[in-house]
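K.L.:
Below is the structure I would like to discuss, written out as structure tokens.
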Amino acid sequence: MQSQARMQAIAASAIGVLITTTAVFGHADDPKNKNREKRVEAPAYRASDVLATMGSTFDSNGVTLMSWLPISEFGPYSSANDCWGYVSPSGREYAIIGFSDATSFVEVTDPGNPQIIATLAGPNSLWRDIKTYQSYAYAVSEGGDGIQVFDMSDIDNGNVVWLGNDLDGPGTSATHNVAIDEVSGYLYRLGGTGEGMRIYSLTDPTNPQYVASWPDRYIHDAQIVTMNTGELGQQQPRQIAFCASGFNGGFVETGLDILDVTDKNNIIQRARYTYPTSPAYSHQCWLSEDRQTLYLNDELNEQDFGINSTTHVIDVSDLDNPFEVRATSNGNPAVTHNLYVNNGKLFAANYRSGLRVFDVTTDQEDPVEVGYFDTYPANDNASFNGLWSSYPFFPSGIVIGSDLERGLFVWFAGDPELTFEFPSGVPTMIDPSGTTKFDVRIVQQGGGSLQPGTAQLNYNDGSGYVSVPLTPMGGDMYEASIGVLECPGSLEFFISAESQLGLVWRGPAEGASAPFTALVATGFNGLFADDFEIDRGWSATNLGASSGDWQRGVPVNDAGWDFDPVSDADGSGSAYLTQNENGNTDVDDGAVELLSPVLDLSGGNATIQFSHYLRLTDANNTDQLLIEANDFVGSGWQPILSLSSDTTDSWQQVIIDSQALSAAGVALNSTVRLRFTANDADPQSIVEAGVDAVDIVQVECGPAGPLPCAADCAPDNGDGTFGNNMVNIDDLLAVINNFGQAGGPCDLAPDNGDGTFGNGIVNIDDVLEVINSFGPCP
């Protein structure tokens with residue numbers, strides 16, 4: 001098996017020599033040849049990093065993202081393809097994912113912090129499929145080279161060894177898919193240049209031995225199971241293959257073959273069945289857990305017949321007489337691809353609509369969608385991009401998925417273990433003195449439980465996130481406290497906690513990607529407010545775009561165009577949107593500009609708030625929504641914010657405080673105009689934008705009265721936080737050490753009896769304030 005040439009190839013792989021990245025197409029009529037897109041360039045996301053943010057925002061329900069490793073994390077591969085899983089004898093869990101030129105092994109035991117163990121080269125192809133048996137993985141490809149054999153026996157120590165390739169058997173070395181019956185110990189090469197089924201014994205798992213073939217029809221994919229005596233009427237144990245098959249590469253008389261492969265030299269065709277509902281290309285199938293029902297995906301009927309995502313539900317209780325019970329749909333237009341069943345749920349990888357989860361416990365003949373995670377944010381069109389496959393069989397309940405353009409996803413599929421409630425509401429204004437506190441209830445559900453000591457508040461005033469523990473208040477209640485902040489300013493914040501399973505949960509769920517926002521102030525006066533219900537003097541200009549002009553009105557939300565918002569941001573009804581009309585109405589081939597009326601900021605300490613909506617499909621981050629300001633005192637138009645992240649059907653609030661305006665070069669205490677420019681750069685992609693709920697407020701920073709325990713200003717225990725609820729010698733030393741310095745937490749004393757604290761310098765008044773306040777805080 002391991003010739004000198006083969007050993008040289010293994011050595012080349014070990015030092016990372018990669019073959020050409022030009023995709024090899026094993027069969028030109030396969031639909032994945034169509035609609036090819038470049039891989040998405042984005043940073044990796046790991047939920048174990050509490051402060052991590054996602055490069056894109058994904059629409060989801062009932063499925064929580066634990067981590068995302070884009071293709072770039074693995075190497076210079078053009079695309080990803082299939083995935084499978086492996087559990088080592090120690091119980092550690094591993095994802096196996098195929099790429100255009102390689103197979104990669106990733107530990108997902110900690111799903112929020114996956115670690116790439118090994119990436120080993122293989123023949124170049126858009127298609128690669130992997131299955132496991134004992135401690136071995138077997139990869140096949142339309143690029144040829146038969147069966148690649150990988151030894152995972154030492155994977156816990158970071159070692160995966162390529163043992164070489166098995167090239168035995170009739171026909172070409174190309175293979176479309178591989179299936180393994182782990183009970184009987186046989187491997188099945190499926191398809192590849194018009195082939196049917198080629199069968200190998202795994203008696204020696206390091207060296208699969210060819211034993212027989214079934215060339216009668218092309219087989220695209222199959223599930224092979226050993227059925228026990230009495231199961232579905234079997235008189236003795238039988239090995240049964242359920243095959244997605246057809247003539248002429250699967251395109252003619254497409255359907256289902258049920259084969260008895262117990263005797264490899266006498267394969268018996270139990271049934272050949274063509275399902276009656278829109279047969280176009282039988283792609284893949286999987287049995288229900290009681291093996292009474294088969295779920296089959298047809299890869300072309302959505303596109304060829306214009307139907308929505310369809311799963312064929314076939315009764316196979318009589319292996320000789322299968323029949324379709326129904327063709328069920330979730331109403332989504334995306335193309336169906338691979339599906340699997342485990343623990344009462346069906347997990348379907350449906351290309352542009354991503355992972356779709358169906359409940360089959362109530363009625364397995366009528367699956368009901370209970371969750372989803374859309375890995376292709378742009379749309380759910382019937383095209384061949386997005387999620388290729390999933391693997392839902394890990395004992396931990398973690399699910400992985402492989403996406404053509406986006407790489408490896410790791411999910412928790414089910415209700416979050418921990419959710420967060422705010423009985424007194426989420427604060428929208430934070431007192432700069434450090435006195436703001438609010439209640440948090442952490443709800444444990446779905447069998448999840450809180451890891452003690454992990455609940456924390458994470459907040460960012462523009463200088464980076466700070467994480468502080470929540471204070472337990474008894475039962476499921478906690479208190480969040482925010483420290484001293486500069487005023488005026490703005491704050492982002494979210495709550496996080498870890499479950500006993502080691503999964504990090506957040507409130508809001510997106511964490512640092514879409515946190516809560518608040519003003520840092522003691523009060524504010526409204527200077528301007530616009531909910532866009534009436535015309536307040538905004539103007540729209542086209543800067544050479546062929547479509548997408550800004551329009552004010554109630555969002556149209558055309559059912560045939562997936563990029564418009566379903567409503568405005570503040571519930572008033574109207575917003576400004578790019579070409580708010582039916583159909584494909586995004587910005588194309590240029591830019592469109594929305595200009596505000598003149599806004600008076602002359603009162604000082606002005607903060608601008610607005611909500612934005614933005615749908616982008618550009619993977620290169622050249623498209624954006626640019627926000628600029630002009631102060632009319634010679635500075636000209638100054639950029640204050642550039643938004644280039646897809647918001648996936650949600651409005652996001654933005655707060656731009658006076659510090660940010662000043663840093664952008666905008667003169668304060670002046671009149672300004674704002675400009676929102678949505679840009680579609682070359683090459684063209686989707687750009688849909690919206691603006692709503694624009695508010696200009698004048699922020700107040702002086703406290704209404706004496707701060708409670710303001711003299712408690714010394715760092716506590718050296719952790720950089722201020723205050724330990726006791727005014728003592730540490731606070732006196734802090735004042736003395738800061739004597740003569742400007743501002744800071746120890747600039748405490750009232751100035752001229754006006755009730756405000758701080759006069760810009762630490763002096764004798766502040767020393768006296770500490771001495772007079774000695775003792776416990778009230």
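The values are calculated or read from the model by the stated rules, or taken from the named source; none is laboratory data. It should be emphasised that the depicted structure is a prediction, and the values quoted were computed from it without experimental measurement. No Cβ is skipped: glycine too gets one built from the backbone with ideal geometry, and neighbour counts run over all protein chains shown. Note: accessible area is taken over every heavy atom of the protein model, side chains too, but ligands, DNA and RNA are not part of it. Shrake-Rupley method; radii C 1.70, N 1.55, O 1.52, S 1.80 Å.
K.L.:
For the chain, with the dipole built from +1 on Lys and Arg beta-carbon atoms and -1 on Asp and Glu ones, taken about the Cα centre, which of V108, A591, V466 lies farthest toward the positive end?
P.N.:
It is V108.
K.L.:
Please work out whether segment 71-200 counts as rounded, prolate or oblate from its C-alpha gyration tensor, where a ≥ b ≥ c are the square roots of the eigenvalues and a/c under 1.5 means rounded, while otherwise a/b larger than b/c means prolate and anything else oblate?
P.N.:
Oblate, because a/c is 1.5 or more while a/b does not exceed b/c.
K.L.:
What percentage of the solvent-accessible surface of the chain, computed with a 1.4 Å probe over protein heavy atoms, is contributed by carbon and sulfur atoms? Before the final figure, lay out the partial values.
P.N.:
Working: 13740 of 29210 Å².
Result for the chain: 47 percent of the exposed heavy-atom area is carbon or sulfur.
K.L.:
At 222 nm, what value in deg cm²/dmol follows for the chain if DSSP H runs of at least 4 each add -39500 (n - 2.57) and the sum is divided by all its residues, to the nearest 500?
P.N.:
-1500 deg cm²/dmol
K.L.:
Under a straight-distance cross-link criterion of Cα-Cα below 23 Å, which lysines are reachable from K345, leaving out those fewer than 8 residues away in the same chain?
P.N.:
K131
K.L.:
Also, I was wondering about something else. With a 1.4 Å probe and all protein chains kept in place, how do V566, V360, V325 rank by accessible area, largest first? Please list the in-between numbers first.
P.N.:
On the way: V566 105, V360 15, V325 50 Å².
Descending order: V566, V325, V360.
K.L.:
For the chain, what is the accessible area per residue in Å² when the probe is 1.4 Å? Walk me through the numbers before you get to the answer.
P.N.:
Numbers: 29210 Å² over 778 residues.
With the other protein chains kept in place, the chain gives 38 Å² per residue.
K.L.:
Another question about this same structure. Once the piece of chain linking D682 and E486 is laid out straight, how much longer is it, given 0.36 nm per residue of separation minus the C-alpha distance between them?
P.N.:
Answer, rounded to one decimal: 66.4 nm.
K.L.:
Using +1 at the C-beta of Lys and Arg and -1 at the C-beta of Asp and Glu, which of N248, Y186, G425 has the Cα lying farthest in the positive direction of the dipole of the chain?
P.N.:
Positive-end residue among those listed: Y186.
K.L.:
About the Cα centre of segment 83-240, how large is the charge dipole given +1 on each Lys and Arg Cβ and -1 on each Asp and Glu Cβ? Please answer in debye to the nearest 20. Each step should come with its number before you reach the end.
P.N.:
Values: 7 positive and 19 negative charges, 65 e Å.
The calculated dipole for segment 83-240 is roughly 320 debye.
K.L.:
Please compute the length gained on full extension between V554 and S424, using 0.36 nm multiplied by the number of residues separating them and subtracting their Cα-Cα distance.
P.N.:
On the way: separation 130, 0.36 × 130 = 46.80 nm, distance 3.22 nm.
In short, 43.6 nm is gained.
K.L.:
Mind running the shape call on segment 28-126? Use the C-alpha gyration tensor, a ≥ b ≥ c as the square roots of the eigenvalues: rounded below 1.5 for a/c, prolate if a/b tops b/c, oblate otherwise.
P.N.:
oblate
K.L.:
Would you mind classifying segment 306-359 by shape? Square roots of the alpha carbon gyration tensor eigenvalues, ordered a ≥ b ≥ c; an a/c under 1.5 is rounded, otherwise it is prolate if a/b is larger than b/c and oblate if not.
P.N.:
Details: a/c = 2.52, a/b = 1.50, b/c = 1.68.
Oblate.
K.L.:
In addition: In debye to the nearest 20, how big a dipole does segment 329-426 give about its Cα centre with +1 on each Lys and Arg Cβ and -1 on each Asp and Glu Cβ? Walk me through the numbers before you get to the answer.
P.N.:
Values: 4 positive and 12 negative charges, 70 e Å.
Its charge dipole is roughly 340 debye.
K.L.:
How far apart, in nanometres, would the label points at D363 and K437 be if each is projected 7 angstrom from Cα along the Cα-to-Cβ direction?
P.N.:
5.4
K.L.:
Along the charge dipole of the chain, Cβ charges K/R +1 and D/E -1, which of P237, V767, T132 sits furthest on the positive end?
P.N.:
Towards the positive end, the residue furthest out is P237.
K.L.:
How large is the dipole of the chain about the Cα centre if only Lys and Arg carry +1 and Asp and Glu carry -1, each at its Cβ, rounded to the nearest 20 debye?
P.N.:
Details: 31 positive and 102 negative charges, 419 e Å.
It comes to approximately 2020 debye.
K.L.:
Please work out the FRET efficiency for the pair D730 and N460, using the Cβ-Cβ distance as r and a Förster radius of 25 Å; give the result to the nearest 0.05. Please report the intermediate quantities before stating the final value.
P.N.:
Numbers: r = 27 Å, r/R0 = 1.09.
Calculated transfer efficiency: 0.35.
K.L.:
Report the extension gain between T671 and E479 in nm, rounded to one decimal, defined as 0.36 nm multiplied by the number of residues separating them, less their alpha carbon distance.
P.N.:
Value of the extension gain: 65.0 nm.
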